[in-house]
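The values are calculated or read from the model by the stated rules, or taken from the named source; none is laboratory data. All figures in this text were calculated on a predicted structure; none of them were measured in a lab. Backbone-built Cβ (ideal geometry, glycine too); neighbour counts: all protein chains shown.
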Amino acid sequence: MKQFDLCYIDDENLLKWIGELEKWQKDHSAFMKIFRIYSQDMEKEHILHVCGILDEKMPDALYFGCTSNGNIKGGVLTENEILITCTMFECETTKARLLQYPFSEENYREAVEGLKRCLQENPWVKSVEMLATIMDMSMKGFCDEMSMLPENIQVFGGGAFNPNMDDEFAGVFSKGEGFCEHGIVFLLLGGPDYYAESRYIAGWKPLKRRFRITKAKKEVLYELDGKPAFEVYKQYLNIEKNENFFSNTLEFPLFLERNEFNILRCPLAVNDDDSLIMSSDMEENAYVKIAYGDPETILYSIRQDGQMIADFQPQVIQTFSCAARRAFWGDQNISKETVMFSDVAPTSGFYTHGEFIRIHGNMLNFNVTLVIAAMREGKPKDENRVDFCGPTFKKLDKIPMIWRFVSFIEASTAELEAMNRKLLMAAITDGLTRLYNRAEIERRIHDALEQEDEAVYLIMMDIDNFKKVNDIYGHKEGDRVIMSLSDILSGICRRIPQCFAGRWGGEEFMLLLQGNEMDAVMSVAEEIRSTFESTAFEMAGHQSVSVGVTMAQKGESVDRLCSRVDKALYTAKDGGKNRVVKLD
């Protein structure tokens, strides 16, 4: 496998280059040619003109491509508007197939189904490279469908874009199908002598603090932890709502937690209601973390992952790097990320509107991420192994300083959070039993009544003749009796969902249950009574407990419900104690 690159200037330099390719193919007996075309030139006529020359001069070759935010040749950002790469395949067994489909939220399933049928008909496929127009699309459904492909197939690619990040015009194209503003192209490659490996590199690191997405729709993030999303950037990072918002948040994008992966999402702008326009879709009830990035940290990550690519011994490397990374680095420095890969193998690619990669069967749509696709023909050889360590990285043998600062901050934050958890538990629990205190169990009863969609039951109990235990055997033995009952209640709460126990006061306890049947609740009450009765204490011997049970009525207040269960309890007391009484 051999790759050649051309920055298109005019037809003359393209025709000269094609002549050189023909000579190389003849001298080296290459069997197949595939052209990739990345264009910052948004004129469809110009793109189709280049395609027409390839059709005429290389009629047996496949070609495909897309519009881009910038092109990468030799691992470096190019100034030329159109980049053409040609991959020559030297193994007769390597095969390729191109597919192109319309692509939108309404018809993406048709594209995936077409791909699946083709994969079933062509079991030789080992990798799928994809280019797609994804502006204003939620990609979750598409990614879920693509995750159902055979697990052994590598999938990678990028979203077509525009040199102007605010312009929504973008397109894909391929041989025989033409230019499409809402489309997707798949390149299928495989065969017994073809191998592919893909990896993603973020470089940004998540901070410890998690936020829950409480309101979102597609790419608009409305709320985090019930507050306007912009407040997170204002409160924690002192980022203002002004013309510098995008450039400031590039250093601090969000990590969206999806499955076991952290997926970068970049805030692009702030709306008047303090919601955020994100670089791709967000999901309600998912969690995010603020990420931090600096050049040294990012390059350190690339060095770590780059060696894994080098160990694969690729002959060709394709890169799909987010346009937001280009904005973060600036054009003077962006090539530091990719130029080192060109020491491993010829490296080309483009700056995208989102990056795609499939990991452990999961298809993922990233932003602010660098996806590397490595390909080769034939088995690796020990003599071809290279080290991934260009001069840019020689000063990075130590862990970046910012990692040490962040480690210190996160350790301090963890200690503070642990202290806050202890303070919270002290505020809502009883000091002796560690059950909820009266205020907290009352609050939970109130919340349960507010839901109105599940039955609510209370079980109230009081240790019989408890004053005698304290008077005769002392308060330590009294505490042991109280702890025994609280242990019984704790065990029941661990076993039964939506069950909460609290110390109501002195020797009185309350159990809240939701979503059960009355027969089951009565069984729990009897279990408490009988288990406690059978417990033998060292000095106090056997003791007993009286129990009241009731079920909440529709629209009932906390006070009225608690009053009724209290009445049930004292009916049990008046009836001879050591018994369970239910009141409707």
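Residues checked against (1) touching a helix residue (DSSP H, G or I) at 6+ places or on another chain (Cβ under 8 Å); (2) part of a helix (DSSP H, G or I); (3) surrounded by 17 or more Cβ atoms within 10 Å (Cβ to Cβ):
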residue: 282; (1), (2), (3): no, no, yes
residue: 288; (1), (2), (3): no, no, yes
residue: 291; (1), (2), (3): no, no, yes
residue: 298; (1), (2), (3): yes, yes, yes
residue: 309; (1), (2), (3): yes, yes, yes
residue: 317; (1), (2), (3): yes, no, yes
residue: 320; (1), (2), (3): no, no, yes
task = Considering every residue within segment 147-162, establish whether at least one is among the β-branched types (Val, Ile, Thr), buried (at least 17 other Cβ atoms within 10 Å of the Cβ), out of contact with any helix residue (DSSP H, G or I) (no Cβ under 9 Å at 6 or more places or on another chain) and not assigned by TED's automatic domain parsing to the domain that holds residue 217.
result = no
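A quick yes/no check of all residues on (1) of a type outside the set (Asp, Glu); (2) outside the structural domain of residue 197 (by TED's automatic domain parsing); (3) out of contact with any His (no Cβ under 8 Å at 6 or more places or on another chain):
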{"residue": "248", "(1), (2), (3)": "yes, yes, yes"}
{"residue": "251", "(1), (2), (3)": "no, yes, yes"}
{"residue": "262", "(1), (2), (3)": "yes, yes, yes"}
{"residue": "265", "(1), (2), (3)": "yes, yes, yes"}
{"residue": "268", "(1), (2), (3)": "yes, yes, yes"}
{"residue": "278", "(1), (2), (3)": "yes, yes, yes"}
{"residue": "305", "(1), (2), (3)": "no, no, yes"}
{"residue": "316", "(1), (2), (3)": "yes, no, yes"}
request  = Under 9 Å between Cβ atoms, at least 6 apart or on separate chains: pull out the pairs that start in segment 531-553 with a residue that is free of Cβ contacts under 8 Å to residues at least 24 places away in the same chain and end on any residue that is of a type in the set (A, V, I, L, M, F, W, C) and surrounded by fewer than 16 Cβ atoms within 10 Å (Cβ to Cβ).
outcome  = 542/536
ask   = Can you tell me how many residues in segment 543-577 are surrounded by fewer than 18 Cβ atoms within 10 Å (Cβ to Cβ) and under 15 Å from residue 528 (Cβ atoms)?
value = 2
task = Report those strands (runs of 3 or more DSSP E) wholly inside segment 334-384 carrying at least 2 residues which are under 27 Å from residue 191 (Cβ atoms) and out of contact with any helix residue (DSSP H, G or I) (no Cβ under 7 Å at 6 or more places or on another chain).
result = 347-352, 355-359, 370-377
Qualifying positions in segment 8-53 - closer than 20 Å to residue 131 by Cα and touching a residue at least 60 places away in the same chain (Cβ under 8 Å) = 34, 36, 37, 38, 40, 42, 44, 47, 48, 51
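Test of understanding: among 328, 252, which residue is among the aromatic types (Phe, Trp, Tyr), touching a residue at least 24 places away in the same chain (Cβ under 8 Å) and assigned to a loop (DSSP other than H, G, I, E, B)?
252
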ask   = Is there a residue being surrounded by 20 or more Cβ atoms within 10 Å (Cβ to Cβ), more than 36 Å from the chain's Cα centre (by Cα) and part of a loop (DSSP other than H, G, I, E, B) anywhere in segment 462-485?
value = yes
ask   = Only one of these conditions is not met by residue 38: (1) crowded, with 21+ Cβ neighbours inside 10 Å; (2) under 25 Å from residue 119 (Cβ atoms); (3) among the aromatic types (Phe, Trp, Tyr). Which number is it?
value = (2)
note = Checked 149, 188 against criteria (more than 17 Å from the chain's Cα centre (by Cα) and closer than 27 Å to residue 50 by Cβ); the one match is 188
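Listed here are the residues, each with its yes/no results for (1) touching a residue at least 40 places away in the same chain (Cβ under 8 Å); (2) under 30 Å from residue 90 (Cβ atoms); (3) surrounded by 16 or more Cβ atoms within 10 Å (Cβ to Cβ).
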residue: 184; (1), (2), (3): yes, yes, yes
residue: 192; (1), (2), (3): yes, yes, no
residue: 231; (1), (2), (3): yes, no, no
residue: 239; (1), (2), (3): no, no, yes
residue: 243; (1), (2), (3): no, no, no
residue: 246; (1), (2), (3): yes, no, yes
request  = Would you mind finding the one in 347, 352, 338 that is hydroxyl-bearing (Ser, Thr, Tyr), in the same structural domain as residue 195 (by TED's automatic domain parsing), crowded, with 22+ Cβ neighbours inside 10 Å and touching a Cys at 6+ places or on another chain (Cβ under 8 Å)?
outcome  = 352
key: Unmet requirement for residue 184, which otherwise passes all of (1) in a loop (DSSP other than H, G, I, E, B); (2) over 17 Å from residue 276 (Cβ atoms); (3) touching a helix residue (DSSP H, G or I) at 6+ places or on another chain (Cβ under 8 Å)   = (1)
query = Among the residues of segment 135-173, how many are small (Gly, Ala, Ser) and either modelled with pLDDT under 95 or under 19 Å from residue 113 (Cα atoms) (or both)?
reply = 4
remark   = Of those in segment 426-453 that are loosely packed, with under 12 Cβ neighbours inside 10 Å and more than 20 Å from residue 557 (Cβ to Cβ), the residue farthest from the chain's Cα centre (by Cα) is 432
ask   = Scanning segment 554-563 for residues that are assigned to a helix (DSSP H, G or I) and in contact (Cβ under 8 Å) with a residue 40 or more places away in the chain, which turns out nearest to residue 511 (Cα to Cα)?
value = 562
message = Pull out all pairs, ordered by first then second residue, where Cβ-Cβ is under 9 Å, the residues are six or more apart or on different chains, the first lies in segment 478-507 and is polar (S, T, N, Q), and the second is part of a helix (DSSP H, G or I).
response = 484/532; 498/448
Subset tally (residues that are in contact (Cβ under 8 Å) with a residue 12 or more places away in the chain, assigned to a loop (DSSP other than H, G, I, E, B) and more than 39 Å from the chain's Cα centre (by Cα)) for segment 54-84 = 2
ask   = Residues of segment 486-507 being outside any helix (DSSP H, G or I), touching a Lys or Arg at 6+ places or on another chain (Cβ under 9 Å) and surrounded by fewer than 18 Cβ atoms within 10 Å (Cβ to Cβ), which ones?
value = 505
